[in-house]
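Note sheet for the following structure.
Read-outs throughout are calculated quantities, based only on the coordinates presented, and are distinct from any laboratory measurement. Just so you know, these numbers come straight off a predicted model, no measurement behind them. Glycine gets a Cβ as well: all are built from the backbone with ideal geometry, and neighbour counts include every protein chain shown.
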Amino acid sequence: MSSDVRRIVATDCGSTTTKAILIERNDAGEYRLVARGEAPTTVERPFEDVTLGVLNSITELEEITETTVPNGFASGRRNLLKDGKVWRQYKEGTKDATGVSGPLDSSDLYVSTSSAGGGLQMMVAGVVKEMSAESAERAALGAGAILMDTLAVNDGRKEFQRVERLRQLRPDIILMSGGTDGGNKNQIIEMAEVIRRADPKPRFGDMKLPVIYAGNKEAREEINNVLGASIEFQPVDNLRPTLDRENLGPAREEIHEMFLQHVMQQAPGYSKLLEWTSEEVMATPNAVGKLLKEYAENEKINVLGVDIGGATTDVFSVFLSSSGERIYNRTVSANLGMSYSICNVLKEAGVENIARWLPFEIDPSQVRNRLRNKMIRPTTIPQTYEDLLIEHAVSREALRLAFEHHKSLARDLVGMAQQRDIGQIFDQKAAGASLVNMMALDMVIGSGGVLSHAPQRAQSALMMMDAYQPEGITMLTVDSIFMMPHLGVLSAHLYEAARQVFERDCVVKCGTCIAPIGIAKEGEPCVTVKGSGIDVSVPFGEIRVIPLAEDQATEIVVEPAKAFDVGAGKGKAVTVKRFDTGKGDREEFSNLIGGAVGLIIDTRGRPFNIELNSPDRINKLRANLAAFGLPLPG
């Protein structure tokens, strides 16, 4: 993409709201956010045209820039619309002959994402649930899909049950996998026969249901013959060409292409939207994952991101594997959310696990009733401080459960040959160990209403600390206005612009969390932090917050006690430096030491657990709130 791009419009068409942002390059040559607008999504009746919501949200951008423009940008209204459509110069990397009538007219680039209409809904089918089917799950989830169900030869269901399930769910796309190249074909052919007998119909339109085949390449012709003419058969490279190798890229690319052709084209107004955009529209979750993956690879860091919504919780991670490659994974917990799915969190976590996070006495039946009221009135917000604390307690459990689900999928390949010692022979977890290494984690990014719109940033930081229990030295951040989808689709074409806006305008740095691994008696020495005017020793069993701005500290030394580890081994000190030349030419990433909350020292030990009936639970929770300067309930 040309470096001449100076003005970018990006939209995200969500299920309820369409959000638009305007990015410009200022006089200093930096890309920054200028304005943000939003409007109701118009994909459903009575409008049935997604572009109306897009036009309304961009009209708001025009109105905002007419009255308020940040320093460093030319003042005056931006004319971003013309002849009832988004006006832009670039289309698929080449300039149109649209022309520019003035310095504040048009945008050079218009990109968009979408999850309107329920997003991409998929089913996957494989041979072995723990191997080929699991690889298919990772491919589908990584492509931004909602995973409806997984069929496998060893899933415990009878053939007629699989047929019934396919007929009931009506997915947009089916992804088939199974068998290494040149291996056994019989079982994957049997799964193809199940799909043919079910004869599933797609959710939209009367077209053929797309089936992407990413299994044994020797079986392609037979699979195509079995599926028959009523299925659109699309073969791609095998997801598991050998037991010890996973190849997700081709399947993910084909899923994205099928999503554009078979899902978006069926939604009202999308064909018009595709004509307006400079590049292809991207699924919202896929765009978020794209941004995190690009950022992690370019900055050479490990990242964990979460988007907790009203109905679902998405978890994204990029971690360095043993092979030296950064592996991206995404999971969707479709039954864990803060409004529509709040009672599913109650069911899966249990009322005791939610109540254990409350710093006051309450009957568990009251907690249940309040959450049931929230489920039947999902758009309400907490009216009292107690209601807010209950909602934050639910969020901790939703985040924890979604993270456990993520770790179960983000792992090394089952079936891969590994060198193991005699003590690991009977360890079932030795093969397929989780890729999520909390000690190696550099950054946590929290997104979604309960985290992004918490009254105080300290509340967001504490929720993420309790749910994820970060280890060592980790930066805690929050996506303040949910710009990651916009920046994700932009990063595919103009990464530097996406990075600059992401760091300066998108994420809010809460601060660095120092959390030593180890257990001791309360009050015993745990960790000492020195540097940049800081010299503090924190005993085991508490949280200490040191107010510290982002640019206030340039270097600190973290010295754990003998029994504790902060990343270099037990008792070994770690030096944290802040590298930033301000010119975007950093050679390495380092934790920003301060932030909106400050430097957070968490000596509660890792792992730690809080039981509902444990002694002094309420006093400890109140002490945690006090450490962050948060109000205490009456």
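Think of it as helices only: each DSSP H run of n ≥ 4 in the chain is worth -39500 (n - 2.57), and spread over all residues that comes to -9000 deg cm²/dmol at 222 nm.
With K and R counted +1 and D and E -1, the other residues having a Cβ less than 15 Å from that of Ala596 yield a net charge of -2.
Annotation: lysines with alpha-carbon distance below 27 angstrom to Lys201 (same-chain offsets under eight excluded): Lys129, Lys158, Lys185, Lys217, Lys272. Listed by chain and number, the lysines whose C-alpha is less than 22 Å from the C-alpha of Lys509, apart from same-chain residues fewer than 8 away, are Lys290, Lys293, Lys300, Lys530, Lys577, Lys583.
Between Ala563 and Glu63, what length comes free when the chain is fully extended (0.36 nm per residue of separation minus the Cα-Cα distance, one decimal in nm)? Before the final figure, lay out each step's value.
On the way: separation 500, 0.36 × 500 = 180.00 nm, distance 5.93 nm.
Working it through step by step, the gained length comes to 174.1 nm.
Peptides 448-458, 141-151, 168-178, 359-369 ranked from most to least packed give 168-178, 141-151, 448-458, 359-369, packing being the mean of other C-beta atoms within 10 angstrom over each peptide's residues. Relative protection proxy for 597-607, 9-19, 43-53, from highest mean packing down: 9-19, 597-607, 43-53 (other beta-carbon atoms within 10 angstrom). Beta bridges from DSSP with both residues in the chain: antiparallel share about 60 percent, rounded to the nearest 5. Taking a Cβ cut-off of under 9 Å around Ala20, the surrounding Lys, Arg, Asp and Glu residues balance to a net charge of -1, with basic ones at +1 and acidic ones at -1. Taking the DSSP bridge list for segment 119-280 and keeping only pairs wholly inside it, about 5 percent are antiparallel. For the chain, the relative contact order is 11 percent, taking Cα pairs closer than 8 Å that sit 6 or more residues apart in sequence and dividing their mean separation by the residue count. Count charges around Glu222 for me, please; just the other residues with Cβ under 13 Å from its Cβ, Lys/Arg as +1, Asp/Glu as -1. Around Glu222, the surrounding residues sum to 0. Ranking Leu612, Cys510, Asn335 by how far each Cα lies toward the positive end of the dipole of the chain (charges on Cβ) leaves Leu612 at the top.
Simple point charges give the picture: +1 on the Cβ of Lys and Arg, -1 on the Cβ of Asp and Glu, and for the chain a dipole about the Cα centre of about 940 debye.
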